[in-house]
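The values are calculated or read from the model by the stated rules, or taken from the named source; none is laboratory data. Everything numeric here is computed off the predicted structure, so don't read it as measured data. Cβ coordinates were reconstructed from backbone atoms using ideal geometry, including for glycine residues, and neighbour counts include every protein chain displayed.
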């Protein structure tokens, strides 16, 4: 009952009618049930006007006393207690950062909010305000160098910084090392951290605790987001539905599938590179042929966030990218590279793009989409590239380089298991096992001459390929005819593309008002350049056709006659040594060699 009267008295301070607090006559009040505890309590005295006035006065005095003794927690108290004139005399730094280039280009509002902190700093009383924004587009995970953050730390160490403004803790750091290092330095020099939520002094234990929790939560948030996104990407890639940037010659369609580029010229260029590699067996030879024939290849360019195809003379990496990409073989491959982290000068540094072995790829789905070659042909190409890389395949067989020794890169020592090397002397060529002697100082295992061994292996090879010689001759005739038209076909497609661009330039010129000379003059010059390009390509196509027509024609009859006398063709001085070496490697996987010192014989075991 007393509590009820107290609430009424407090409410009476806001609504003053005095009669509202008067008690009703006893006859109108509720009768209490008998036998309850409240029956034994003394009844309150009637509330007279004098008592009511005294009660109101006592309540007002108690409320005023309570308000005067209650601690103050508004923002004004924080600013007054933590932001001292000593802080205001120093500089204030506004740290601006966004994690990626895409955020810098698209999330403009977040960037604007961070820059607006400079105005907030001036409102608090700072005269000298400096903005550090060198870290726009850089992650704060600790794996990327941040020159802006390093500059911030160095200026704090000088003791001239009074406050560091940031939009939130994750802007400064998302790793514990940088975050706690920054808090420690701010506490030593007396600088405060300020965000839109309040002011934090690292020298105050409660603020230090709050800052530590914020840094931990920021680091945990980054790890959680990364874990969720990586797992979602992996699951979508396992279904073959994850979209990523495709190499030139392939494109995504609306149904979420991969198809060949509808541009016939692009398709022809990719087919041409892959076919030439099968003929020449070397990526560098394909490059030299394209340069000699002035064959341009497609490449991807980006402008205003969209990809487009442009044409250029190839370089070695262009040829290698086409040969090594499994997407051209109809396989969906994801996770072919990895990122590696190492500690340099006490700080982690991460590098990406390191290739992984095929068995460690995240996803590999064969026959996922139409390809330019089969998967079997792709594996053969990778094997040929590995054999061509002599520095990376010292323990395995290696491809020939066109020298007079036919078995170079195929012979393995039976005694130590190392590959034999070729030694070119003044009068003779010898195969020697010298790796152990060069690297470890061991005695040379075996050595023997080249002439008799090459002839013995050649006889075995000719016996194996003699039944197929006629078919090979017919295929060679077809390849000669195709080779004469490949370069001309590429130039014809390029000419067709140039003519289209000339017609497009003409339509653009005709659509503009002739009186607008500022625009018409530029469009006219573009049209003229397109016409000059067409004329240049027409001359090149004409020269290529004349060269193809004047080339000596190889008749099928001559090839069939040579097929019947295959040993004479093989031993002919005009035969290409690199072609013979290639034939050897098609039929022979490896030859294990040993020398019988007693019988003065060389024992060869061929593995096909």
Set 526, 507: member being over 28 Å from residue 271 (Cβ atoms), at pLDDT 85 or above and exposed (fewer than 13 other Cβ atoms within 10 Å of the Cβ)
507
Could you give me the residue pairs with C-beta distances under 7 Å whose first residue belongs to the range 445-462 and is closer than 14 Å to residue 570 by Cα, whose second residue is in a helix (DSSP H, G or I) wherever it lies, and which are 6+ apart or on separate chains?
458/570; 461/583; 461/584; 461/587; 462/566; 462/567; 462/570
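Residues that are closer than 21 Å to residue 380 by Cα, modelled with pLDDT of 90 or more, surrounded by fewer than 15 Cβ atoms within 10 Å (Cβ to Cβ) and under 18 Å from the mean Cα position of the chain (by Cα): does the range 300-316 have at least one? Walk me through it before giving the result.
At the first step, the residues of the range 300-316 found to be closer than 21 Å to residue 380 by Cα are 316.
Retained after the next criterion (residues that are modelled with pLDDT of 90 or more): 316.
Then keep just the ones that are surrounded by fewer than 15 Cβ atoms within 10 Å (Cβ to Cβ); that gives 316.
Then keep just the ones that are under 18 Å from the mean Cα position of the chain (by Cα); that gives none.
Looking through the range 300-316, none of the residues is closer than 21 Å to residue 380 by Cα, modelled with pLDDT of 90 or more, surrounded by fewer than 15 Cβ atoms within 10 Å (Cβ to Cβ) and under 18 Å from the mean Cα position of the chain (by Cα).
Of the residues that make up the range 347-354, is at least one farther than 30 Å from residue 606 by Cα and modelled with pLDDT of 85 or more?
Taking the range 347-354 first, the residues farther than 30 Å from residue 606 by Cα are 347-354.
Checking which are modelled with pLDDT of 85 or more leaves us with 354.
Yes: one or more hits.
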Please go through the range 350-370 and give me each residue that is in contact (Cβ under 8 Å) with a residue 40 or more places away in the chain, within 23 Å of residue 231 (Cβ to Cβ) and in a loop (DSSP other than H, G, I, E, B), ordered by number.
362, 368
Within the range 279-307, count every residue that is closer than 21 Å to residue 491 by Cα and assigned to a strand (DSSP E or B).
4
Enumeration of residues in the range 85-107 that are more than 24 Å from the chain's Cα centre (by Cα) and part of a helix (DSSP H, G or I):
85, 86, 87, 88, 89
Screening 495, 518, 442 for residues that are farther than 30 Å from residue 594 by Cα and modelled with pLDDT under 85 leaves only 518
Checking the structure you have, find out if any residue of the range 193-205 is surrounded by fewer than 16 Cβ atoms within 10 Å (Cβ to Cβ), out of contact with any helix residue (DSSP H, G or I) (no Cβ under 6 Å at 6 or more places or on another chain), in a helix (DSSP H, G or I) and in the same structural domain as residue 107 (by TED's automatic domain parsing).
yes
For residue 145, state whether it is in contact with a strand residue (DSSP E or B) (Cβ under 9 Å, 6 or more places away or on another chain), surrounded by fewer than 20 Cβ atoms within 10 Å (Cβ to Cβ) and within 18 Å of residue 82 (Cα to Cα).
no
Take residue 484 and tell me if it is modelled with pLDDT of 80 or more and either touching a helix residue (DSSP H, G or I) at 6+ places or on another chain (Cβ under 8 Å) or not assigned by TED's automatic domain parsing to the domain that holds residue 543 (or both).
no
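Might you check whether a residue that is within 39 Å of the chain's Cα centre (by Cα) and modelled with pLDDT under 85 occurs anywhere in the range 404-417? Before you say what the answer is, go through the steps one by one.
Step one: of the range 404-417, the residues within 39 Å of the chain's Cα centre (by Cα) are 409-410.
Applying the additional criterion that residues be modelled with pLDDT under 85 yields 409-410.
Scanning the range 404-417 turns up at least one residue that is within 39 Å of the chain's Cα centre (by Cα) and modelled with pLDDT under 85.
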Has the range 418-426 got at least one residue that is part of a loop (DSSP other than H, G, I, E, B), at pLDDT below 85 and within 30 Å of residue 267 (Cα to Cα)?
no
Within the range 283-296, how many residues are crowded, with 21+ Cβ neighbours inside 10 Å and under 16 Å from residue 324 (Cβ atoms)?
3
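Quick check: is even one residue across the range 81-98 modelled with pLDDT under 85 and closer than 30 Å to residue 187 by Cβ? Let's see the steps before the verdict.
Keep residues of the range 81-98 that are modelled with pLDDT under 85, which gives 81-82.
Of the ones still in play, those that are also closer than 30 Å to residue 187 by Cβ are 81-82.
There is at least one residue in the range 81-98 that is modelled with pLDDT under 85 and closer than 30 Å to residue 187 by Cβ.
Checking the structure you have, find out if any residue of the range 341-349 is part of a loop (DSSP other than H, G, I, E, B) and surrounded by 15 or more Cβ atoms within 10 Å (Cβ to Cβ).
From the range 341-349, those part of a loop (DSSP other than H, G, I, E, B) are 345-346; that's our starting set.
Still in the list and also surrounded by 15 or more Cβ atoms within 10 Å (Cβ to Cβ): none.
No.
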For the range 226-242, which residues satisfy the criterion of being in contact (Cβ under 8 Å) with a residue 24 or more places away in the chain and within 26 Å of residue 174 (Cβ to Cβ)?
234, 237, 242
Can you name the number of the only condition in (1) touching a residue at least 40 places away in the same chain (Cβ under 8 Å); (2) part of a loop (DSSP other than H, G, I, E, B) that residue 489 fails?
(2)
